Amino acid sequence: MSDSVTEQGIGKPVRRKEDFRFITGNGHYTDDINRPRQTHAYFLRSPHAHAKIRSIDTSAASAAPGVVAIFTGKDIAADKLGGLICGWTITSKDGSPMHVGAHPVLALDTVRYVGDHVAMIIAETQAQAKSAAELIEVDYEALPATVALATCQTPAAAQVHAEAPRNTCFEWELGNKAETEAAFAKASKIVKIDLLNNRLIPNAMEPRAAIGEYDKGSGGYTLHTTSQNPHVARLVLSAFVGVAPEHKLRVIAPDVGGGFGSKIFIYAEETACVWAAAKVGRPIKWTAERSESFLSDAHGRDHMSHAELALDANGKFLALRVKTVANLGAYLSTFASATPTYLYGTLLSGQYDIPAIYVEVDGVYTHTAPVDAYRGAGRPEAAYLIERIVETAARETGVDPAEIRRRNFVTSFPHQTPVIMNYDTGNFAASLDKAMEIIDYKSFPARKYEAARRGKLRGIGFSTYIEACGIAPSAAVGSLGAGVGLWESAEVRVNPTGNVEVLTGSHSHGQGHETTFAQLVSSRLGIPIDQIEIIHGDTDKVQFGMGTYGSRSGAVGMSAIVKALDKVEAKAKKIAAHLMEAAAEDIAFEDGRFTVKGTDKSLAWAEVSLAAYTAHGFPSSEIEPGLKEGAFYDPANFTFPAGCHICEIEIDPETGIPQIVNFVAVDDFGTIINPMIVEGQVHGGIAQGVGQAMLEHGVYDPESGQLVTGSYMDYTMPRADNLPSFNLGFTKTECPSNPLGMKGCGEAGAIASPPAIINAITDALGVRDIEMPATPARIWATIQSKPRVAAE
Ligand code: MCN
């Protein structure tokens, strides 16, 4: 094999192929695309958190310059279009199905959050559409709004949907209540904790955008949109909303500038654009302004939890019980119900052998933007809860935080937790040991002492996390309420000249698939990555795919490619055998050459590729011409990335300003395809975790329901000076349920880091709790009030 190929295969830190076009301004994002005769849409949004719409008068706006059409909810209803759906059904503990309030594309008679969609204005230019929107007269009857999680289920709270009494969508449970109660009755120590997991607002660099088109000649629709899963968007828009039949709708997600979960969902704007394109007979383009993103992209997290951990006299965990109220916002977004249930409750065992767990989750409606999956989706909430309560248990029992974890680690695999997940493999102590070594835990007291001499408060915090990636197998998720299967597809097309096109159902929007997927193909076929094209994001090219989320593209998407490559190799061997007059079983394929075992007869990859298409003399009953194979891969289990993050922090007691002085992350992602990309993923995830722990908070005014943090003036994103230079390390246990032994890496940083940071801050301050985000103001106020850690 040539050096270039050896340096590009699995395990090599290859630079991202796609970055050339991104950093030279040659990317093709939705907003870069312009269609002939294109119009522009603007959405008039509700200024109220809750109001009845008495009437909408569009007459003045319709006469405004450049206006092409104006649509309201009534127009959509008149066309018998369905509403937006939630694709995961949750059953409450009393056996009743979740209570779903209707989610019209444009509001009908009620608006339910500030930013809810009231009318769509289509004009020749975006500025004209926006100006005309100001002329629309909406007669609202403002109503009281429900915002606070603590009171939203009380009889006095304003109802978000008539279908959901007490604003409760579902009351879900998981685990064994009786066994958990029995274990608590025997406990020598019970540790209790109350936590808020702060609401986050995703901030992808590229705001959401869409262009809807209709071709009168063919009756076909095309939607360019910022989606992480274009096939799922097409399925929902055709089968549920009824915009167009599936075979007449093409959805293209071109280059997408980050999603972090927020672009999984099917939103009102793209739905309205593609529907209205047929009405006006012209393409319609919409690009969100940043303040629209704040108001109407699905938000993340927002949990209120009470948890109790039962321990025996030796500090061994006996049982965990948890009650969580999870905010769903005003409407159920596409996967909103799955995030605080099956993506959360199932991870509450953490890395620990906890014999009994019982968790209850109430999913509640409030007059706020919909809440759905955001990087980590449910698993950061679980890791935060378990790692905060374990740390508190360590402090209250006087056991070292590393030791209490080690004492309770799962050490033999497979391990069945009491909350569905079956951990397949792992070595939790190895990650803990390595992280402690890198951070030099032994010398921490000396560093704390030295910091104190400089007048600084120094603290250290652990997070030994586990998460479930892949979001599969289909049979399992189906039995838990998912409306879709979560396999992945791939097609490998070998061209006559030997270069290769791989079509994948995964979608890359920052994760570097064009590089890592090509590295896999390069390793298998022995050709350089510049001869391999990874094609994704277009429903007319890729037959079907489930898209990218849940850190599934490596473990599931690449496994589908492996399956397709196996078939390609098998067929290519048959062709090589025919050409070299040998039996297929006698052909070896290595480093891009087919050899007849035990002879010097061999053929290069490109020779066999060409022969596949010339097909001269093929025995027609045995070998078909061509070299193209497809595969669907449905994994047998989730993958379980796990590791240990340790944060060391210094706080200036005069100002409350915290500074992360060291952050060590040791992760086990199984086989790593590209260490440079994986490190980038971990860096990005930790940066988002730092944001959640120290800076970001989506805040609504509790009375008016106005979004207080609706711009970068009020919502603090992490910046370079908030972040340290991360110290990364890796351990490796190969995932047994996929052919590459890979575990997902895309969310780990966001899942693991917040508890490590908060554990470090509370350690530095000598307090039991501090809420996220631990801003300088909050830290300073805590220092002033100084409640000390109290042994129970
Ligand atoms: N990889 C690897 N070795 C492994 C695991 C992964 O080399 N053992 C590589 C993969 O081949 C892929 C990348 O790392 O190129 C991430 O793979 P994976 O962990 O499978 O995650 P996905 O590709 O499925 O990406 C989804 C994940 C999620 S869920 C969110 S949210 C997120 C994230 O990725 N959103 C992102 N990272 C993001 N990065 C960017 N830049 N933008 C986003 O929106």
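Excluding ligands, DNA and RNA, what is the solvent-accessible area per residue of the chain at a probe of 1.4 Å, expressed in Å²?
36
Relative contact order of the stretch 526-605, please, whole-number percent, based on alpha carbon pairs below 8 angstrom and at least 6 residues apart.
It comes to 21 percent, rounded to a whole number.
What order, most packed first, do the peptides 184-195, 382-393 have when packing is the mean number of other Cβ atoms within 10 Å of each residue?
382-393, 184-195
Taking only DSSP H segments of four or more residues, each worth -39500 (n - 2.57), what value at 222 nm results for the chain once the sum is divided by all its residues, to the nearest 500 deg cm²/dmol?
Value at 222 nm, helices only: -7500 deg cm²/dmol.
Give the peptides 69-78, 556-565, 659-668 in descending order of average Cβ contacts within 10 Å, highest first.
The packing order, highest mean first, is 556-565, 659-668, 69-78.
With 18 Å as the cut-off, how large is the P(r) tail for the stretch 1-143, expressed as percent of Cα-Cα pairs?
71
Which of the residue pairs 192/263; 17/574; 567/743 have a Cα-Cα distance greater than 29 Å in the structure shown?
Checking Cα-Cα distances, 192/263; 17/574 exceed 29 Å.
Sort 683-694, 197-208 by the packing proxy (mean of other Cβ within 10 Å over each peptide's residues), most packed first.
Output ranking for 683-694, 197-208: 683-694, 197-208.
Roughly what % antiparallel, to the nearest 5, for the DSSP beta bridges in the chain?
Antiparallel bridges: around 80 percent, rounded to the nearest 5.
Please go through the stretch 676-767 and write out the chymotrypsin sites (Phe, Trp or Tyr not before Pro) that DSSP classes as loop and that have at most 14 other C-beta atoms within 10 Å.
Within the stretch 676-767, the qualifying chymotrypsin sites (Phe, Trp or Tyr not before Pro) (loop, at most 14 other Cβ atoms within 10 Å) are 712.
If R₀ is 35 angstrom, what is the calculated FRET efficiency for the pair residue 543 and residue 591, using the beta carbon separation as r and rounding to 0.05?
0.65
Cβ under 9 Å from residue 254's Cβ, residue 254 left aside: what net charge do those residues give with Lys, Arg +1 and Asp, Glu -1?
-3
Select from the chain the helices, each a whole stretch of DSSP H, whose alpha-carbon atoms run 15 Å or more along the helix axis and whose Kyte-Doolittle mean is at least 0.5; answer none if there are none.
Answer set is 268-280, 428-439, 675-690, 748-765.
On the protein heavy atoms, probe 1.4 angstrom, tell me the percent of accessible surface of the stretch 278-366 carried by carbon and sulfur.
On the stretch 278-366, the fraction of accessible area on carbon and sulfur atoms equals 50 percent.
Explain nothing, just the number: relative contact order of the stretch 577-689, from Cα pairs under 8 Å at least 6 residues apart, as a whole percent.
12
If each of residue 192 and residue 604 carries a label point 7 Å out from its Cα toward its Cβ, how far apart are those two points in nm?
It works out to 7.5 nm between the two label points.
Which of the trypsin sites (Lys or Arg not before Pro) across the stretch 445-516 are loop residues per DSSP, with 14 or fewer other Cβ within 10 Å?
Sparse-neighbourhood loop trypsin sites (Lys or Arg not before Pro): 454.
Can you pull the percent of the stretch 89-226's accessible area that's carbon plus sulfur, 1.4 Å probe, other chains left in place?
Here it works out to 54 percent.
May I ask you to derive the relative contact order of the chain, considering only C-alpha pairs under 8 Å and at least 6 residues apart, and to give it as an integer percent?
16
Count neighbours as other Cβ atoms within 10 Å of each site's Cβ, and list the trypsin sites (Lys or Arg not before Pro) in the stretch 705-792 that are DSSP loop with at most 16 such neighbours.
719, 732, 768, 788
In whole angstrom, and with the biggest value first, how far do the Cα coordinates of the chain range along each principal axis?
Cα spread of the chain along its principal axes, largest to smallest: 85, 73, 52 Å.
Net charge within 11 Å of residue 582 by Cβ-Cβ distance, Lys/Arg positive one each and Asp/Glu negative one each, not counting residue 582 itself?
Neighbour charge sum, excluding residue 582 itself: +1.
Strictly over 26 Å apart at the Cα level, which of 323/786; 186/442; 216/541 would you flag in this model?
Listed pairs above 26 Å: 323/786; 186/442.
The values are calculated or read from the model by the stated rules, or taken from the named source; none is laboratory data. In this text, all values refer to a predicted model and were calculated from it rather than measured experimentally. Every residue, glycine among them, receives a Cβ derived from its backbone with ideal geometry; neighbour counts consider all protein chains shown. Surface areas here come from the heavy atoms of the whole protein model, side chains and all, with no ligands, DNA or RNA. Shrake-Rupley method; radii C 1.70, N 1.55, O 1.52, S 1.80 Å.
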